[in-house]
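Take a look at the structure below.
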Amino acid sequence: MIFRRRKEALISEALGVSDVPAAGTSLYHDALARLWRNKAAVASLIVLALLVIVAIAGPWFIPHNHEDPDWAAFRAPPSLDSGHWFGTDQNGRDLLARTLFGTRISLLVALIATVVSVVIGISFGAIAGYMGGRIDQAMMRFVDVMYALPYILFVILLMVIFGRNVFLLFAAIGALEWLTMARIVRGQTLSIKQREYIEAARASGLSNTQIIFKHIVPNLVGQVVIYATLTIPEIVVVESFLSYLGFGIQEPLTSLGTLIAEGADVLEVLPWLLWFPAAFLVLLLLSLLFIGDGLRDAFDPRDR
Amino acid sequence: MADSRNVVLGIRNLAVSFSTNAGDVDAVRGVSAHIHAGECLGIVGESGSGKSQTFLAAMGLLARNASVSGTVDFHGQNLLDLSTKALNGIRGDRIAMIFQDPLTSLTPHLRIGEQMREVLQVHQGLSDADAVKRCVMWLERVRIPEAQHRMNQYPHELSGGMRQRVMIAMAMLCQPELLIADEPTTALDVTIQAQILDLMDELRRDHGTAIALITHDMGVVARMCDRVQVMRQGKFVEEGDCEDIFYRPAHAYTKTLLDAVPRIDQLSEQALQTDTDEEQNKSHDQPANVTPVLQVRDLRVSFPVRRGWFSKARTLRAVDGIGFDLYAGETLGIVGESGSGKSTLARAILQLIPPTSGSVTWLNRELSSLSPDQLKQARRELQIVFQDPLASLNPSMTIGDSIVEPLKVFEPELSLVDRTRAVAGMMERVGLDYTLINRYPHELSGGQNQRVGIARAMILKPRLLICDEAVSALDVSIQAQIVDLLKDLQREFGLSLIFISHDLSVVWEVSQRILVMYLGSVVELASRNDLFNKPQHPYTRQLVSAVPIPDPVLERTRERIKLQGELASPMDTGARLRFLPSRLLQVPADYVPVLSERFPGHFVAEHDALESLLIVD
């Protein structure tokens with residue numbers, strides 16, 4: 001913002017006029033304005049923001065901690081009076097604290113894995129698409145080979161070989177998720193490459209790196225943002241699934257998937273152990289999906 | 001006389017408005033018109049004038065966010081009041097439409113025959129055999145060769161001209177009383193356009209079909225229409241007989257529109273001025289002593305094309321041995337129909353596509369032998385302006401950033417203030433207000449964006465500017481402004497211009513010499529006057545005769561040269577000898593007719609006599 005203000009001041013100085021030329025509305029501003037008018041997406045944004053805030057700040061405000069048992073309350077049902085609003089588990093640990101902590105871990109996995117997949121996916125896809133020819137062939141065949149590996153098996157093998165480690169889990173999921181992103185980005189790059197502004201940039205003497213990162217990548221943002229918002233819930237689900245199988249997050253850490261797995265075992269006696277984490281997961285996934293949907297409409301308004 | 005005839009369609013006080021996010025947009029504001037049987041009514045206007053919306057509204061084909069008022073009277077029924085079902089009974093049966101793009105208006109996965117039969121079965125309940133018979137009859141009627149065979153083909157297997165003929169045949173199947181043609185020839189090459197217009201005119205005379213011809217092209221109107229309505233900003237500004245409109249225009253807008261249209265039969269005063277300047281220059285110094293700035297010699301670009309997995313790759317020779325010289329301050333026009341390799345040639349000259357062989361010499365330096373660094377330095381002097389103003393600008397950059405980019409590459413030492421000054425100066429120079437500097441391309445009009453493209457190309461003060469269809473996507477009045485701007489810049493900076501277009505009349509207006517391309521090679525290269533006054537090659541003669549002239553009397557009495565064969569694809573080996581059939585059996589299949597200097601400075605490719613190539617009616 002400050003940089004922009006300074007630039008504008010310099011521009012008006014250069015032009016010898018006092019008024020700054022009116023700022024234009026970029027396509028992204030336009031898209032955000034459209035997103036803002038989409039009620040479902042805005043509501044989901046609010047829900048998501050609340051979930052994130054609660055997950056990050058919540059644990060400091062509740063008297064219990066996710067790993068220490070409350071010796072006075074084992075298997076306590078949810079109640080406002082006891083102070084265990086979501087109840088406790090078989091070990092007397094407060095479920096509210098554990099759910100919030102689990103949400104934190106799940107979001108963290110999703111965030112890191114998505115960032116990894118976006119960064120690798122964009123660079124890989126944009127380079128393959130722009131360079132074309134043999135380089136493109138080789139790079140995309142590599143992607144195909146990676147695709148052909150059974151994904152879950154791959155993660156499980158990693159876990160077995162290197163032991164269970166949260167960071168390895170992040171890396172493994174991210175390193176597999178980028179494949180689809182790379183394909184999407186490559187496809188988009190191929191069509192952007194045909195546009196005349198790329199030729200104009202080449203005629204102006206720009207290098208390939210400059211063209212890729214200045215003229216191609218910024219125009220991919222719409223597609224990438226849409227796909228990334230849809231990747232997050234996918235990763236949350238994968239993480240939950242791995243944790244459910246017992247390959248994911250390890251005690252005393254926990255995640256929504258782990259909590260759901262534990263809750264499912266005792267559904268008939270301690271149903272709250274399933275319902276609360278499950279509700280959080282559903283809320284998180286739904287809001288992300290609605291946001292992704294809203295973004296797609298906002299960036300590509302023609303298809304409505 | 002007009003009143004005694006039957007009115008087919010009467011439009012009264014028709015208004016259309018669209019509700020959008022940005023508020024209501026009035027596309028059509030109360031227009032009235034009528035069409036008599038057997039008449040051709042022209043609706044002329046620039047883009048956004050509401051000419052298409054008027055007829056889409058009359059047919060009930062508008063988008064859902066539109067509201068329509070007024071009446072559209074068709075034999076006593078108000079079409080606007082009819083239910084969709086009742087309208088469907090009329091549409092395609094008694095009123096038919098043809099659209100601009102013949103590829104998108106045919107369903108790609110249905111065979112030609114199936115699409116055509118469907119119309120007959122829906123409206124007339126014909127049996128299969130009868131329907132097929134009728135379809136074949138109409139396909140033959142619109143001069144589609146091997147009609148029976150075409151019935152089993154898919155739309156993509158036919159050429160653009162063929163597809164538009166299929167559309168016309170389909171529209172005519174039920175013998176409608178009214179044919180609404182919305183820019184029917186805009187997407188077609190000029191020789192194909194001439195054939196399609198002739199065909200429509202013939203149908204009108206033989207069947208008494210009324211035609212509503214929506215177009216932006218005054219030449220087409222002059223050729224086809226009995227009456228003309230000039231439309232602007234949703235209203236008819238002038239109505240009258242074709243001749244009144246052309247010879248005695250009353251409204252200022254009609255006059256501007258007519259003045260803006262370049263004509264190949266008479267050059268504008270400005271163009272004549274450059275001609276006389278040229279003559280004088282020629283007499284002063286001998287052209288033989290002047291070295292050309294750009295020399296292109298035997299330039300070839302070919303692409304491998306592979307069809308299927310196991311077939312051998314064939315080569316598509318997009319540019320096939322082109323050579324010419326360009327002198328400082330000169331404008332060379334390059335004309336050719338679609339697929340003739342004009343754009344590939346432009347890109348090969350600038351080394352944006354590597355040429356397969358041949359040489360491009362810029363100021364005595366061979367471009368293809370330069371190192372990447374030297375080539376980058378050479379690019380400073382070689383710039384290009386593209387066809388699509390919006391597509392040639394990065395949508396995520398402000399126009400100021402787009403214009404400044406070449407400066408950043410070549411003069412990185414400039415301060416932000418100096419750069420901004422340079423950009424603002426260039427924006428003013430190309431007629432853009434500097435306050436637009438922070439705007440994005442989608443916020444500007446097509447004409448403004450094209451000025452941005454020109455400013456970006458000019459900011460480094462290049463010595464050669466290639467305009468690849470630079471005005472083709474613009475309305476005529478904007479087109480005239482951009483052409484004037486280019487000429488001004490040329491005078492001011494001593495630019496050499498290569499002006500590429502499919503539109504002969506625009507090329508005429510700007511160029512001193514003109515090169516005519518056919519399937520990647522030169523068929524004729526001559527000065528502007530020689531090319532118009534004594535065109536030698538049959539193809540040039542056909543092109544010149546097919547360009548519509550916005551003068552009804554002249555246009556309707558002109559003799560047209562119709563040659564055998566369609567414009568062929570560059571993949572078709574025999575097509576290169578279309579104008580030299582006598583040598584077909586003597587020379588190898590990839591023989592390219594040889595260019596020779598028939599008169600001083602007037603080069604012509606070898607060809608057979610025109611008479612032997614004409615279509616015999």
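Read-outs: derived from the displayed coordinates by stated rules, not from any lab. What you see is a predicted model, and the numbers here were worked out from it, not measured in a lab. Note that we place each Cβ from the backbone using ideal geometry, even for glycine, and neighbour counts take in every protein chain shown.
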Output field shielding_mean for A:213-223 (other chain Cβ, 10 Å radius) holds 2
Cleavage-rule hits (trypsin sites (Lys or Arg not before Pro)) in region B:312-374: DSSP loop, at most 16 neighbouring Cβ within 10 angstrom: B:Lys312
Give a quick list of trypsin sites (Lys or Arg not before Pro) in region A:58-166 that DSSP marks as loop, anything other than H, G, I, E or B, with at most 16 other Cβ atoms within 10 Å. A:Arg75, A:Arg164
Could you give each residue of region B:428-434 its phi-based ³J(HN,Hα) in whole Hz, using Karplus coefficients 6.51, -1.76, 1.60 with θ = phi - 60°, and x for Gly or Pro? 4, 4, 8, x, 10, 6, 5
Give the span of region B:392-461's Cα atoms along each principal axis, as three whole-Å numbers ordered largest to smallest. 33, 23, 19
Which one, A:His66, A:His29, A:His215, has the greatest fluctuation when you compute a Gaussian network model over chain A with C-alpha springs under 10 angstrom? A:His29
Residue by residue through region B:26-34, the couplings from Karplus 6.51 cos²θ - 1.76 cosθ + 1.60 with θ = phi - 60°, in Hz, x for Gly and Pro, are 8, 8, 10, 10, x, 10, 10, 7, 9
Please report, in cubic angstrom per residue, the volume enclosed by the convex hull of the alpha-carbon atoms of the protein assembly as shown. 237 Å³
Stretch in chain B that is longest and holds no chymotrypsin sites (Phe, Trp or Tyr not before Pro) that DSSP places in a loop and that have at most 11 other beta carbons within 10 Å: B:1-308
Using 10 Å bins from zero, what percent of all Cα-Cα pairs in chain A falls into each bin? 6, 21, 26, 22, 14, 8, 3, 0
Over region B:439-483, one equal point on each Cα, no solvent: what is log10 I(q)/I(0) by the Debye formula at q = 0.19, 0.20, 0.22, 0.30 Å⁻¹? -0.62, -0.68, -0.80, -1.15
Take every residue in peptide B:440-447, count the Cβ atoms of other chains within 10 Å of its Cβ, and give the average of those counts. 3
Suppose we flag GluC sites (Glu not before Pro) only when DSSP calls them loop and at most 10 other Cβ atoms lie within 10 Å. Which is the longest uninterrupted stretch of chain B? B:147-412
Residue mean of other protein chain beta carbons inside 10 Å, B:56-63: 0
Calculated from backbone phi, Karplus (6.51, -1.76, 1.60) coupling profile of region B:436-441 in Hz, x at Gly/Pro: 7, 4, 9, 7, 9, x
Where both partners of a DSSP beta bridge lie in the protein assembly as shown, what percent of those bridges are antiparallel, to the nearest 5? 60 percent
Report Rg (one decimal) and Dmax (nearest whole number) for region B:7-260, counting Cα atoms only, units Å. 18.2, 56
For region A:122-207, build the convex hull from the C-alpha positions and give me its volume per residue in Å³. 105 Å³
Of all DSSP beta bridges located in chain B, what percent are antiparallel, nearest 5? 60 percent
Rounded to a whole number, what is D in µm²/s for region B:327-425 from Stokes-Einstein with the Kirkwood radius over alpha-carbon pairs (37 °C, 0.692 mPa s)? 204 µm²/s
For Cα pairs less than 8 Å apart in space and 6+ apart in sequence, what is the mean separation divided by the residue count of chain B, i.e. the relative contact order in percent? 14 percent
How big is the Kirkwood radius of chain B, worked out from every pair of different alpha carbons and given in Å to one decimal? 26.5 Å
